[in-house]
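Following: one structure in structure tokens, then a few remarks.
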Amino acid sequence: VPVSDLPARVGLLGGGVIGGGWAARFLINGVDVCLFDPDPAAPRKLEAMLANARHAYARLTLAPVPTPGVLSFAASPEEAAEGADLVQESAPERLELKRSLLAAASRAAAAQTVFCSSTSGLRPTALASTMTHPERFLVGHPFNPVYLLPLVELCGGRETDPDAVARAEATYRAVGMHPLRLRAEIDGFVADRLLEALWREALWLVRDDVATVAEIDDAIRYAAGVRWAVMGTFLTYRIAGGEAGMRHFMAQFGPTLQAPWTKLVDVPELTDELLEKIVAQSDDQAAGRTVGELERERDESLIAVLHALRSRGVGAGATLAGWERGLMRARGDGALAGADGAPPDTSPLRSDVREIPDAWLDYNHHVHESRYLQLCGDATDALLIRVGVDADYLQARGSYYTVETHLSHLGQLRGGDRAQVLTQILDCDAKRLHLFHTVERSDDGRVVATAEQMLVHVDAATQRVAPATAAVHARIAALAAQHAALARPERAGRRISVARP
Ligand SMILES: NC(=O)c1ccc[n+]([C@@H]2O[C@H](COP(=O)([O-])OP(=O)(O)OC[C@H]3O[C@@H](n4cnc5c(N)ncnc54)[C@H](O)[C@@H]3O)[C@@H](O)[C@H]2O)c1
């Protein structure tokens, strides 16, 4: 993902469930956000959303996320739109309200500012009709939580310029999303049309006392829901057709479509009785958990799912991996360019400051010993990216393997502490890299651990120890020459032994 596609500043209209999620996604990606929301409680709600998102990203990724963007609040839609590269509207789902909001904001924005609406189903042609430059408007329909789920449906209207769609698409990709361009302008787009069909059937099942809301949720989450994240509906059904695939599946289940099992477009009347029933059953299902608690439960599990999908290179996990590669490339490019043109630095390399997540605590409420190695391993990765061992290099040329580590524990980290790793190159040749890491607690500068490591370069094709490319070796050697001016760490070269007088 080219970093140049990241906007410098976005304007947000509406900061509720969806606008707050957009704010979090953009801020975490280093984009400044200016938000307009007339609700005096909006800043408080937004802060809770941002806390959830920050908490989630600390677990989601080890990639070098940029310095967060700056959040400001606007007193009017015009102020939010002024100077923005992209304006994302997430106000209540009412056509007239959205139209007047978009019209006002569009008058204040530069002509090239792209406008997107988060609407779940309103048509872009109708939404854009009172805007200035309606050709730069399209729907960018996200999913809750916006900061974790990558899908955003793009739907242009009659007047939408393909260039505006392309720019919105590039922006969404740059913040880790998966844009899906619709081929036609329809109500509800693709995803909500599918979801509404499911929702309608679910309401019938509750109304007719066939199942409770909790039972319907179980019918989804114990089977189809698990499959959907991996393969969606069509590929799943292809496999369900056995060796003969889709043709057999259609032959087998085609006739049931004639039955049909479902209520099709009939909608149950939303009587007070049905509403009360749904709310009461939903209260039972929540079993006293607040929405905030449910959100955190949801996020933790979504992250675990995303990690599993990432390890397989599948669906939303592949999007996550692509975003992380983009961040690493950006970090590597920046470092190779000489860190903003600064003169050579003779201090150790400093990793990003990391907050220690509670998930790293063991049964004893201590940070597990493996996490100290993880911090150092991540610092090694950052060094390797800096010298050009990026995703392409790993695939084509090779990688450094750690062959020896000596970890010393000198203090303790606790959940919520912030820590940083300082890395010094002690020695190197074309095949070997000798490193020394110092783990510092950021709040008081105390050294809590050190790790001395030997790495060897392994060729990608032969899987044998082999020299690094000349370019990588030259960059390592240049850093090593700078680090030669540093004092040798006291613990370097120590062996483990019982000291005797
Ligand atoms: N909730 C979802 O799951 C979901 C998913 C995708 C898309 N959407 C769409 O996103 C949009 C927002 O939905 P939401 O769920 O965030 O609703 P929400 O009620 O949580 O948030 C709407 C926000 O808009 C603010 N607002 C009201 N009038 C405004 C105005 N004139 N200008 C600016 N802000 C104003 C409200 O104060 C509120 O904070 C809707 O179009 C909805 O269809 C929602």
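The values are calculated or read from the model by the stated rules, or taken from the named source; none is laboratory data. In this text the structure is predicted, and so the values were computed from the model without any measurement. Note: ideal-geometry Cβ built from the backbone for every residue, glycine included; neighbour counts use all protein chains shown. For the accessible areas, the whole protein counts, side chains as well, though only heavy atoms, and no ligand, DNA or RNA atoms are used. Shrake-Rupley method; radii C 1.70, N 1.55, O 1.52, S 1.80 Å.
Find all pairs meeting these conditions: Cβ atoms under 6 angstrom apart; at least six residues apart or on different chains; first residue within the range 250-267 and over 18 Å from Leu235 (Cβ atoms); second residue aliphatic (A, V, I, L, M).
Final answer for the pair search is none.
Just wondering, is there one or more residues in the range 129-144 that are buried (at least 22 other Cβ atoms within 10 Å of the Cβ), within 18 Å of Val87 (Cα to Cα) and either charged (D, E, K, R) or modelled with pLDDT under 95 (or both)?
yes
Do you know which residues across the range 235-265 are among the aromatic types (Phe, Trp, Tyr), surrounded by 10 or more Cβ atoms within 10 Å (Cβ to Cβ) and under 19 Å from Leu195 (Cβ atoms)?
Tyr237
Residues being of a type in the set (D, E, K, R), farther than 13 Å from Gly398 by Cβ and surrounded by fewer than 20 Cβ atoms within 10 Å (Cβ to Cβ): count how many of those fall in the range 430-472.
Qualifying residue count, the range 430-472: 5.
For Thr212, indicate whether it is among the polar types (S, T, N, Q) and in contact (Cβ under 8 Å) with a residue 40 or more places away in the chain.
In short, yes.
Would you confirm, using the coordinates I've provided, whether Trp261 is at pLDDT below 95 and of a type outside the set (D, E, K, R)?
Yes; evaluated as a whole, the condition is true for this residue.
Would you be able to tell me the number of residues in the range 207-230 that are surrounded by 14 or more Cβ atoms within 10 Å (Cβ to Cβ), of a type in the set (Asp, Glu) and in a loop (DSSP other than H, G, I, E, B)?
Qualifying residue count, the range 207-230: 0.
With the requirement that a residue be among the acidic types (Asp, Glu) and more than 16 Å from the ligand (Cβ to nearest atom), what does the range 130-158 give you?
Glu135, the sole residue that qualifies.
Go through (1) outside any loop (DSSP other than H, G, I, E, B); (2) in contact with a strand residue (DSSP E or B) (Cβ under 8 Å, 6 or more places away or on another chain); (3) closer than 25 Å to Leu46 by Cβ for Val165 and report which single condition fails.
Status for Val165: all satisfied but (3).
Name every residue in the range 473-501 that is of a type outside the set (D, E, K, R), open to solvent by 50 Å² or more (accessible area, probe 1.4 Å) and more than 16 Å from Leu383 (Cα to Cα), in order of residue number.
Hits for the range 473-501 are Ala484, Ala485, Ala487, Gly493, Ile496, Ser497, Val498, Ala499, Pro501.
Tell me, please, whether a residue that is open to solvent by 70 Å² or more (accessible area, probe 1.4 Å) and within 19 Å of Ile18 (Cβ to Cβ) can be found in the range 60-72.
no
Would you mention how many residues in the range 13-48 are more than 6 Å from the ligand (Cβ to nearest atom), open to solvent by 10 Å² or more (accessible area, probe 1.4 Å) and either modelled with pLDDT under 95 or not acidic (Asp, Glu) (or both)?
9
Quick one: is Val10 more than 9 Å from the ligand (Cβ to nearest atom), open to solvent by less than 60 Å² (accessible area, probe 1.4 Å) and either over 16 Å from the mean Cα position of the chain (by Cα) or of a type outside the set (A, V, I, L, M) (or both)?
Criteria met by Val10.
Inside the range 296-317, can you point out the residues that are in contact with a Lys or Arg (Cβ under 8 Å, 6 or more places away or on another chain) and open to solvent by 40 Å² or more (accessible area, probe 1.4 Å)?
Of everything in the range 296-317, those that are in contact with a Lys or Arg (Cβ under 8 Å, 6 or more places away or on another chain) and open to solvent by 40 Å² or more (accessible area, probe 1.4 Å) turn out to be Glu297, Glu300.
What are the pairs with Cβ atoms under 6 angstrom where one residue, in the range 488-501, is closer than 19 Å to Ile425 by Cα and the other, located anywhere, is at pLDDT 90 or above and hydroxyl-bearing (Ser, Thr, Tyr)? Sequence gap at least six, or different chains.
From residues that are closer than 19 Å to Ile425 by Cα, the pairs are Arg491/Ser408; Arg491/Thr450.
Does Val152 satisfy the condition of being buried (at least 19 other Cβ atoms within 10 Å of the Cβ) and farther than 23 Å from Leu97 by Cα?
When the stated conditions are applied, Val152 does not pass them.
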